[in-house]
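Chemist: What follows is a structure written as structure tokens; I'll ask about it next.
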Amino acid sequence: MLAQLECGNETDTENLLQQFNGENSHTFSFDVKEEALRSKLCQSVLSVLGRQVQHSCQKTCLETLRILSRDKRVLAPVATREGMLTLSRMARLQAGKDGSDSQDETETEEEEKVVVEALKCLCNVVYNSPEAQQVSVDVHLAQGLCASLCTARTKHHEVGLFTLRLLFLLSALRPDVRQVLRRECLAVRLLTEVLEHTLDVHWVGPYEAACPAPPAVPMPAEANERSMEALKAMFNLTLSDAGGQEDEHQFKLIAAILRHLLMLNTETEEKTEEAHSHAINLLNNLPVSCLDVLIDVPVQGGLEEYGGKNVDAIQVLIDFMEKRIDKGSNYKEGLTPVLSLLTEGSRHHREIRRYIKAQVLPPLKEVKIRPEVGTTIRNKLVRLMTHVDMGVKQTAAEFLFVLCKESVDNLLKYTGYGNAAGLLVARGLLAGGRGETQYSEDEDSDTEEYKSAKPFINPITGHVEEPMPNPIEDMTDEQKEYEAEKLANMFDKLSRQNVIRPMGVRPDGTLAPLEETLCDPSEENSESDSD
């Protein structure tokens, strides 16, 4: 085949490559013995693309390169300045230039197919080759992508989609490119405009998008695909505050667009959840002061009991959180972002916290069942407080702690001491008290059921237990003393063998070895009658 490519004309070349493409369109693992041959094929195809050939031949060559670029070991001929510039030219990116002249040209259907194939090739090559990533930086590929996005709304769907995907890959794999994109290309503002157009946002207030009309109509699949690629790229660019020229207005605009996205549905529940997941990830990167945009929707109105704020988007986030908990897997990536977002929103915005508290921790009525047993959101979150993954456990506990206004007593009321112990140890709050955040003074009112049961609630388990028979009731005093000595000796033996280490609580609420926490009652607490 290689021999025929070298001496064949354009028609023969196209036929040969079409045959190769047909045989390997679904091939993703290649024979190691033929690496050198595939590398030569890459070089031959690039040579053909360097000549003036018809669009159909260009498309066939690019399809071959796309298949070959699945193998990261044969990309040396493509991951060169010449190779990357050839692909950029085919993709109409005009890397390193303004690109406005070529971008304004009306492309035929055949030309658009060539552009799409070239963009797919660039995505594969950049993803699989660190050398190609460096060359992309050298030839200013990011600037070419931003120039292309400026006219994205007039482009074919796949052109816009793979332009955004390539921008996402570059910004993910090269942190240094993020600075260039934010400082020189103003890419955050550009991506905001792309999202605004793709999601068909119509503004009715400074940071308020009109409700989708009619709301029952799902977002088109193509718009959903493009918006998710834009969200992923913007997530990379906003991972750090350094280097950006955006102001609070820009971030509030993004938050308003994300609120609009949260209120949309796509053609499938799975795709809707995926879109909402990307929106939540990006919201976590925005300054927490911008989250008030999620509930401040004057034109559409809100609930009087929450200061006239509109909490529809917050309910979407709560529903999303519960769905992710119910899935029972991949908590670290799937659940912790929404828990973190709701925690920070509750910590800094009173109305958000009050609404979430009412949904997640309503006034206690059922006190005879353990807090972790049941199907309510509270039960599910309390179960997560003892999860094996430390990150998941801490995030869930912190969320509930903030909903309780960082009051240890309130937290224990809803979770029990046993479930909350990990958080209290980590925060140095075993002696009670509050966290450092300042909250409003409004207090929760307890239900009559809780008030009447409170004296009988076991603080460790957080519920009223059935009375247990007293095991020492029928023992004589000698038997009781014998069992007490036996137990003390067992503890002493385990302690001396370092199987256990007796601990106590310091006055500041932190744990310490028991000997450090013991003090002479006559000196430290002469008036205390405690044991």
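Chemist: Based on the Cβ-Cβ distance of A210 and I472, what FRET efficiency does E = 1/(1 + (r/R0)^6) give at R0 = 51 Å, to the nearest 0.05?
Modeler: Details: r = 71 Å, r/R0 = 1.40.
Efficiency, from the Cβ-Cβ distance: 0.10.
Chemist: Which order do peptides 424-431, 303-310 fall in by mean Cβ count within 10 Å, highest first?
Modeler: Details: 424-431: 17.5, 303-310: 15.1.
Packing order, densest peptide first, comes out as 424-431, 303-310.
Chemist: A further question follows. Please give the length that would be gained between Q43 and D319 if that part of the chain were fully extended, namely 0.36 nm times their separation in residues minus their C-alpha to C-alpha distance (nm, one decimal).
Modeler: Working: separation 276, 0.36 × 276 = 99.36 nm, distance 5.26 nm.
So the chain would gain 94.1 nm between Q43 and D319.
Chemist: Classify region 197-338 as rounded, prolate or oblate from the Cα gyration tensor: take a ≥ b ≥ c as the square roots of its eigenvalues, call it rounded if a/c is under 1.5, otherwise prolate when a/b beats b/c and oblate if not. Could the numbers behind the result be given before it?
Modeler: On the way: a/c = 1.23, a/b = 1.07, b/c = 1.15.
Note, shape of region 197-338 comes out rounded.
Chemist: Over all pairs of distinct alpha carbons, what does the Kirkwood formula give as the hydrodynamic radius of region 1-79, in Å?
Modeler: On the way: mean 1/r = 0.0796 Å⁻¹.
Result for region 1-79 stands at 12.6 Å.
Chemist: Another question, then. Given region 256-373, report the % of alpha carbon pairs whose separation exceeds 20 Å. If you can, show how the numbers build up before the last one.
Modeler: Working: 3105 of 6903 pairs.
Summing the P(r) tail past 20 Å for region 256-373 gives 45 percent.
Chemist: Tell me, what % of the accessible area of region 147-272 is carbon and sulfur with a 1.4 angstrom probe? Mind showing how you got there, number by number?
Modeler: Details: 2970 of 5560 Å².
Summing carbon and sulfur atoms, their accessible area is 53 percent of the total for region 147-272.
Chemist: Taking amide H positions as placed 1.01 Å from N in the peptide plane, with prolines and chain starts having none, which residues 5 or more places from M503, or on another chain, fall under 5 Å of its amide H?
Modeler: L514
Chemist: Rounded if a/c is under 1.5, else prolate if a/b beats b/c, else oblate: with a ≥ b ≥ c from the C-alpha gyration tensor eigenvalues square-rooted, which is region 367-430?
Modeler: Oblate.
Chemist: Another question, if that's okay. For region 258-312, what value does the Rg/Rh ratio take when both radii are computed over Cα atoms and Rh is the Kirkwood radius, given to two decimals? Provide the component values of the computation, followed by the final result.
Modeler: On the way: Rg = 12.8 Å, Rh = 12.4 Å.
Using only Cα positions, Rg/Rh for region 258-312 is 1.03.
Chemist: Still on this structure, I have one more. Give the peptides 342-350, 474-482, 160-168 in descending order of average Cβ contacts within 10 Å, highest first.
Modeler: The most tightly packed comes first, giving 160-168, 342-350, 474-482.
Chemist: Another question, if that's okay. Would you mind checking the radius of gyration and Dmax of region 161-236 based on alpha-carbon positions, in Å?
Modeler: Reported Rg and Dmax, both Å: 14.1, 43.
Chemist: Spelling out what I want: for every residue of region 342-351, take phi, set θ = phi - 60°, compute 6.51 cos²θ - 1.76 cosθ + 1.60 (Karplus), and round to whole Hz; glycine and proline get x.
Modeler: 5, 5, 5, x, 5, 5, 10, 10, 4, 5
Chemist: Follow-up question, since we're still on this one. Please give me, ordered by residue number, the GluC sites (Glu not before Pro) of region 1-46 that lie in loop per DSSP and have at most 14 other Cβ atoms within 10 Å. Please list the in-between numbers first.
Modeler: Numbers: sites: E6, E10, E14, E23, E34, E35; in loops: none.
Of the GluC sites (Glu not before Pro), not one in the loops of region 1-46 has a Cβ with at most 14 other Cβ atoms within 10 Å.
Chemist: Then there's this: Using the alpha-carbon atoms, what tilt in degrees (0 to 90, nearest 10) does helix 81-90 show relative to the longest principal axis of the chain?
Modeler: 80
Chemist: Shifting gears a bit: Taking θ as phi - 60°, what are the ³J(HN,Hα) couplings along region 370-385 by the Karplus curve (6.51, -1.76, 1.60), each to the nearest whole Hz, with x for Gly and Pro?
Modeler: With the stated coefficients, region 370-385 comes to 4, x, 8, 9, x, 10, 6, 4, 4, 4, 5, 6, 5, 4, 5, 5 Hz.
Chemist: For a quick check: with amide H placed at 1.01 Å from N, whose amide H comes under 5 Å from V464's, ignoring anything fewer than 5 positions away on the same chain?
Modeler: Here K368, I369, N458 satisfy the definition.
Chemist: Using the eigenvalues of the Cα gyration tensor, what equivalent ellipsoid semi-axes result for region 325-434 when each is taken as the square root of five times the eigenvalue, whole Å, largest first?
Modeler: Values: eigenvalues 64, 54, 49 Å².
Those come to 18, 16, 16 Å.
Chemist: For a quick protection proxy, order the peptides 367-380, 279-292 by their average other-Cβ count within 10 Å, most packed first.
Modeler: Values: 367-380: 16.2, 279-292: 19.9.
Per-residue Cβ counts within 10 Å, averaged per peptide and sorted highest first, yield 279-292, 367-380.
Chemist: Which whole-number value in Å² is the accessible area per residue of the chain, probe 1.4 Å? Mind dumping the intermediate values first?
Modeler: Values: 27580 Å² over 531 residues.
On a per-residue basis, the chain sits at 52 Å².
Chemist: Could I get the Rg over Rh figure for the chain? Both from C-alpha atoms, Rh via Kirkwood, rounded to two places.
Modeler: Working: Rg = 31.4 Å, Rh = 27.9 Å.
A ratio of 1.13.
Chemist: Counting only helical runs of four or more DSSP H residues, what would the 222 nm mean residue ellipticity of the chain come to if each run contributes -39,500 (n - 2.57) and the total is spread over all its residues?
Modeler: On the way: 27 runs with 308 residues, N = 531.
Mean residue ellipticity, 222 nm, calculated: -17500 deg cm²/dmol.
Chemist: Which of the three applies to region 395-473, rounded, prolate or oblate, going by the alpha-carbon gyration tensor with a ≥ b ≥ c and a/c under 1.5 meaning rounded? Mind showing how you got there, number by number?
Modeler: Numbers: a/c = 2.75, a/b = 1.54, b/c = 1.78.
Cα axes put region 395-473 in the oblate bin.
The values are calculated or read from the model by the stated rules, or taken from the named source; none is laboratory data. Because the structure is a prediction, the values reported are computed rather than measured. Neighbour counts are summed over all protein chains in view; Cβ atoms, including those assigned to glycine, are modelled from backbone coordinates with ideal geometry. Surface accessibility is based on the protein's heavy atoms, side chains included, excluding ligands, DNA and RNA. Shrake-Rupley method; radii C 1.70, N 1.55, O 1.52, S 1.80 Å.
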